[in-house]
1. Along the charge dipole of the range 15-146, which of Gln21, Asn102, Ala144 sits closest to the positive end, that is, farthest toward it, with unit charges on the beta carbon of Lys, Arg, Asp and Glu (+1, +1, -1, -1)?
2. If we count other beta carbons within 10 Å of each Cβ, what is the order of Ser18, Ser81, fewest first?
3. Gaussian network model of the chain, Cα springs within a sub-10 Å range: biggest mean-square fluctuation belongs to which of Gly34, Gly56, Gly75?
4. On a 0 to 90 degree scale, rounded to 10, what angle separates helix 59-80 from the longest Cα axis of the chain?
5. How large, in Å, is the chain by the Kirkwood hydrodynamic radius built from its alpha-carbon pairs?
6. What angle do you read, to the nearest 10 degrees and between 0 and 90, between the alpha-carbon axis of helix 19-39 and the longest principal axis of the chain?
7. If neighbour count is taken as other Cβ atoms inside 10 Å, put Met72, Met126 in order from fewest to most.
8. Once phi is turned into θ = phi - 60°, what whole-Hz ³J(HN,Hα) does the Karplus curve with 6.51, -1.76 and 1.60 give for every residue of the range 108-123, x standing for Gly and Pro?
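All of the numbers you see were taken from the coordinates with simple rules; none came from a lab. The model shown is predicted, which means the values in this text are computed figures rather than measured ones. Cβ sites come from the backbone with ideal geometry, for glycine too, and all protein chains shown count toward neighbours.
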Amino acid sequence: MERGSGSARPGHIGSGLSIGQIQWAIAAVFFVLGGWALLAPRSVIALTLLPEYRTGTPILPFAVACFGAQAMISGLFAAFSRFTRATFLAYGIALLPFFVFNWWFTFVDPVFTWLGLLEAAGNVVMLALCVIGWRKAAAAEERAHA
């Protein structure tokens with residue numbers, strides 16, 4: 001199967017994207033949000049955490065930067081791996097607990113400001129891309145076996 005192949009379904013969001021482009025779009029979410037946390041952890045803390053969680057100790061910026069570094073690694077895997085239907089499915093399933101996390105720490109036991117929901121928005125984008133990629137990869141795999 002050629003990387004990036006897939007059927008375009010006119011009228012569907014993402015229908016013009018190749019599998020490789022979908023992967024890079026998923027990676028971009030990791031790169032943007034992870035890069036922000038890695039390079040400007042104090043900005044992330046100031047804008048996304050409620051005041052009572054903005055401790056003055058150096059461990060918090062360190063932890064946020066570590067989170068960003070891990071996101072950057074995830075972006076590299078997303079960008080440079082060969083995605084199949086199973087890969088898109090696994091990524092999509094792996095995102096689901098993060099929605100519970102975002103909901104819990106925004107509405108039930110608030111830690112995040114409303115801007116902290118940027119992470120949830122990134123997860124929504126990645127989940128949608130996983131659905132699009134799964135469909136495209138499934139169609140490509142069917143053609144390859146036909």
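1. Looking along the dipole axis, the top candidate is Ala144.
2. On the way: Ser18 17, Ser81 12.
Ranking Ser18, Ser81 by Cβ neighbours within 10 Å, fewest first, gives Ser81, Ser18.
3. The residue that fluctuates most here is Gly56.
4. 10 degrees
5. Working: mean 1/r = 0.0610 Å⁻¹.
Hydrodynamic radius (Kirkwood, Cα only) of the chain equals 16.4 Å.
6. Result, in degrees: 10.
7. Working: Met72 18, Met126 23.
Fewest-to-most Cβ neighbours within 10 Å comes out as Met72, Met126.
8. Values, residue by residue: 8, 10, x, 10, 8, 7, 4, 5, x, 6, 4, 5, 5, 4, x, 5 Hz.
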